[in-house]
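Here, each number is a calculation from the coordinates, and none is a lab measurement. This one's a predicted model, so the numbers in the text were calculated from it and none came from an experiment. Glycine also receives a Cβ, built like all others from the backbone with ideal geometry; neighbour counts cover every protein chain displayed.
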Amino acid sequence: MPTDSAARSVTRGPGPARPLAVAGLTALTLVNLLNYLDRYVVSALVPDLERAHMGLTDLRAGALMTGFLIVYMLTAPLFGILGDRLSRTRILAVGIAIWSVATALSGLARSYLQLLGGRAVVGIGEAAYGTIAPALLADYFPLASRGRVFAVFYMAIPVGSALGYVVGGLVDHWYGWQAAFFVAGVPGLALAVWSLGLPDPPRGIQDLPAVPSGARGSERVEAAEAPASLLVYWDLLQRAPYLLTVLGYAAYTFAVGGLAFWMPTFLERVRGVPSAEATTGFGAIVVVTGFAGTFAGGWLGDYWLKFSREAYLWLSAVTALAAVPLAAVALSAQSPALYYPAIIAAELLLFMSTGPLNSAIVNLVGPRERASAVALSVLVIHLLGDVASPPLIGALSDRASLGAAVLIVPVAIAVCAALWWAAGRAARSGRLRSAGA
């Protein structure tokens with residue numbers, strides 16, 4: 001594996017004091033936890049919503065997530081541009097408040113269209129938050145610790161998703177589906193107020209070496225690389241390391257999204273696992289492997305960064321490649337003694353790339369482009385990933401069988417491993433050419 005002595009010299013820039021940075025990470029992680037709780041709470045409410053005389057069919061229930069994702073994807077680029085120009089904490093607070101109010105008001109819905117509209121508005125708020133939070137974290141912490149920082153931040157994905165099912169199910173059982181929306185939405189208003197007090201340091205401040213008192217280094221970073229409106233997205237797409245990374249992320253999201261949607265049904269229909277066991281068992285696997293894998297990947301990525309600046313991409317590629325045969329066994333083995341350990345190992349390896357991969361995206365672009373880079377990645381990974389994979393696997397299942405259809409997942413994992421390896425090589429090659437020039 002290539003080594004890089006320059007990677008050893010990464011030091012902390014003159015950003016916020018560490019207590020403030022840790023407080024910011026804590027606040028943003030809590031918001032991200034609520035973000036995913038809010039996103040998946042509706043899944044736990046579908047049976048009662050279907051009984052609420054809203055004309056809710058299975059197709060319409062699925063469209064609640066699709067409607068959210070479409071609005072989320074389409075508004076993310078707008079917030080990416082705004083996040084690279086305006087006050088990030090204010091946009092963050094507005095986004096959190098929008099989705100919190102929309103979720104709470106969903107509890108007052110009296111028709112399917114009202115409910116669909118509420119979930120669509122949630123997509124607007126989450127797009128504001130999802131594009132800006134990673135860029136803000138990159139200015140809280142130095143390059144050498146970003147893998148661990150993003151691991152903490154993205155740990156909220158499996159935990160928050162599981163909490164969405166649990167909290168939604170429990171509140172729905174005791175108080176009804178309306179109360180579940182209130183419980184998921186109202187706490188976000190307090191977090192929106194908290195986010196207004198978070199530091200918003202100069203963009204790129206952590207990418208500088210220590211700047212002496214009175215120096216104008218941070219001002220130079222703020223002024224540098226100012227993108228020109230929507231042209232920033234065209235510019236990003238022309239950069240091979242970034243484009244390959246995001247396309248690999250799309251293949252990864254395709255695989256993980258397809259597994260998340262179909263795995264409980266696969267276990268029940270193809271492997272004969274009882275419905276309740278299939279749902280709760282797979283949910284428990286996702287929480288444990290998501291928590292452990294995300295943290296392990298963050299720490300390993302930061303350790304490897306001491307030897308190579310492309311460490312995050314190398315780690316993501318290696319773990320994805322190792323997950324390919326395990327995913328194939330998980331989806332083809334007949335014995336629980338084989339497929340359950342294979343599922344656990346594959347999920348653990350897949351989650352290991354979460355922190356390093358998102359760190360790589362913000363590190364591959366300039367400080368004034370980070371929100372835009374995250375926004376474009378959001379659009380691409382969902383458009384080509386988890387928006388496409390569940391219906392495609394369903395269509396293949398209709399033509400053949402679900403057991404055959406899910407075998408597209410290991411193929412997608414292999415594609416993402418190859419693309420991330422190519423991205424690492426492209427990034428290293430470009431950096432060496434720049435150093436030689």
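Once the Cα atoms are used to define both axes, helix 354-363 deviates from the longest principal axis of the chain by about 40 degrees. Dividing the C-alpha radius of gyration of the stretch 47-106 by 2.2 N^0.38 Å, with N its residue count, gives 1.48. If R0 equals 45 Å, the separation of the Cβ atoms of residue 411 and residue 234 corresponds to a calculated FRET efficiency of about 0.90. How large is log10 of I(q)/I(0) for the stretch 11-207 at q = 0.13, 0.18 Å⁻¹ when the intensity is taken from the Debye formula with one equal scatterer per alpha-carbon? Reported log10 I(q)/I(0), two decimals: -0.67, -1.14.
In this label model, residue 284 and residue 108 are separated by 4.1 nm, measuring between points 7 Å along each Cα→Cβ vector.
Taking the Cα centre of the stretch 11-207 as origin and assigning +1 to Lys and Arg Cβ atoms and -1 to Asp and Glu Cβ atoms, the resulting dipole is close to 360 debye.
Pairing the Cα long axis of helix 389-399 with the longest principal axis of the chain, what angle in degrees results, from 0 to 90 and rounded to the nearest 10? Once rounded, one gets 40 degrees. The overall shape of the stretch 344-407 is oblate: from the C-alpha gyration tensor, with semi-axes ordered a ≥ b ≥ c, the ratio a/c is 1.5 or greater and a/b is no larger than b/c. So if I take the centroid of the Cα atoms in the stretch 282-301 and the same for the stretch 384-437, what is the distance between those two points in Å? Answer, in whole Å: 20. Kirkwood-based Rg over Rh for the stretch 159-212 (C-alpha set), two decimals? Here Rg/Rh amounts to 1.32.
Sorted by mean Cβ packing within 10 Å, highest first, what order do the peptides 384-393, 320-329 take?
Taking the mean over residues of other Cβ atoms within 10 Å, the ranking is 320-329, 384-393.
Counted residue by residue at 0.36 nm each, then reduced by the alpha carbon distance between them, the extension gain from residue 307 to residue 70 reaches 81.3 nm. In this Cβ point-charge picture (+1 for Lys and Arg, -1 for Asp and Glu), the chain has a dipole of about 900 debye about its Cα centre.
Charged neighbours of residue 425, selected by a Cβ distance under 13 Å, balance to +3 (K, R count +1; D, E count -1).
Normalised by residue count, the stretch 286-357 yields a Cα convex hull volume of 68 Å³ per residue. Report, as a whole number in µm² per second, the diffusion coefficient that Stokes-Einstein gives for the chain at 37 °C and 0.692 mPa s using the Kirkwood radius over alpha carbon pairs. Estimated via Stokes-Einstein, D reaches 148 µm²/s. Between the stretch 70-91 and the stretch 311-339, what's the alpha-carbon centroid distance in Å? So the two Cα centres are separated by 35 Å.
Relative protection proxy for 36-42, 112-118, from highest mean packing down: 36-42, 112-118 (other beta-carbon atoms within 10 angstrom). The calculated FRET efficiency for the pair residue 190 and residue 337, based on their C-beta separation and a Förster distance of 51 Å, comes to about 0.60. Computed from Cα positions, the angle between helix 156-175 and the longest principal axis of the chain comes to roughly 40 degrees. Pairwise Cα distances in the stretch 228-437 exceed 24 Å for 43 percent of all pairs.
For the listed peptides 303-313, 184-194, a ranking on the average number of other beta carbons within 10 Å per residue, highest first, reads 303-313, 184-194.
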